[in-house]
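Structure record follows, encoded as structure tokens.
Any read-out appearing in this document is the output of simple, stated calculations on the displayed coordinates, not a laboratory observation. Fair warning: this is a prediction, and the values are worked out from it, not measured in the lab. FYI the Cβ positions are ideal-geometry reconstructions off the backbone, even for glycines, and counts take in every protein chain you see.
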Amino acid sequence: MRIKKKRRRKGKTDYKARLNLLKSGLPRIVIRKTNRYIIAQYIESEEAQDSVIVGVISKELLKYGWENKGNLKSLPACYLTGLILSKKIKDKKRKVILDIGLSRNIKKGRIYAFLKGLVDGGIEIEYEKEIFPDEERIKGEHLKNKINFEKIKNKILEEN
């Protein structure tokens, strides 16, 4: 009887998916959702040794004027976090792949709002247009506490 690896048993790593990502030879953008934040990293791998080049957490939106501290993992926050990451890796613009880990692949969800932020920031990545959330949802018009989305977006674009 074969025992599965510890990280697989705990539900932390899908080794088959990881091997396919490493075989591609492309740098990857890893996105993880926590209970409070969105964490994203630009990672390059050499011989299965990962090195984080740039990292972003949605908490950085507070310095751009984000007012609702409890809402740092909403669709607009994910989009703006993707935009921040794309601006931080602007000098490394080459093709990348998205690594969502064991997160559920939900069409028009937060992960794809983050991906839209990357694409709008100029990162070259494969995608299909119909997976992105609607523009009204990205701008936060569906939220009861309205956010100053355009103001924050303009600050991000002009700073970096």
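Quick notes on this one:
- Among the residues of the range 122-155, those that are among the basic types (Lys, Arg), out of contact with any Gly (no Cβ under 9 Å at 6 or more places or on another chain) and either over 22 Å from Tyr42 (Cβ atoms) or free of Cβ contacts under 8 Å to residues at least 40 places away in the same chain (or both) comprise Lys129, Arg137, Lys139, Lys144.
- Residue among Gly109, Gly117 that alone is surrounded by 11 or more Cβ atoms within 10 Å (Cβ to Cβ), among the small types (Gly, Ala, Ser), closer than 21 Å to Glu158 by Cβ and out of contact with any strand residue (DSSP E or B) (no Cβ under 7 Å at 6 or more places or on another chain): Gly117
- Selection from the range 39-57 of residues that are out of contact with any strand residue (DSSP E or B) (no Cβ under 7 Å at 6 or more places or on another chain) and either surrounded by 15 or more Cβ atoms within 10 Å (Cβ to Cβ) or free of Cβ contacts under 8 Å to residues at least 12 places away in the same chain (or both): Ser45, Glu46, Glu47, Gln49
- Single condition Leu62 does not satisfy, out of (1) hydrophobic (A, V, I, L, M, F, W, C); (2) surrounded by 12 or more Cβ atoms within 10 Å (Cβ to Cβ); (3) more than 19 Å from Arg137 (Cα to Cα); (4) touching a residue at least 12 places away in the same chain (Cβ under 8 Å): (4)
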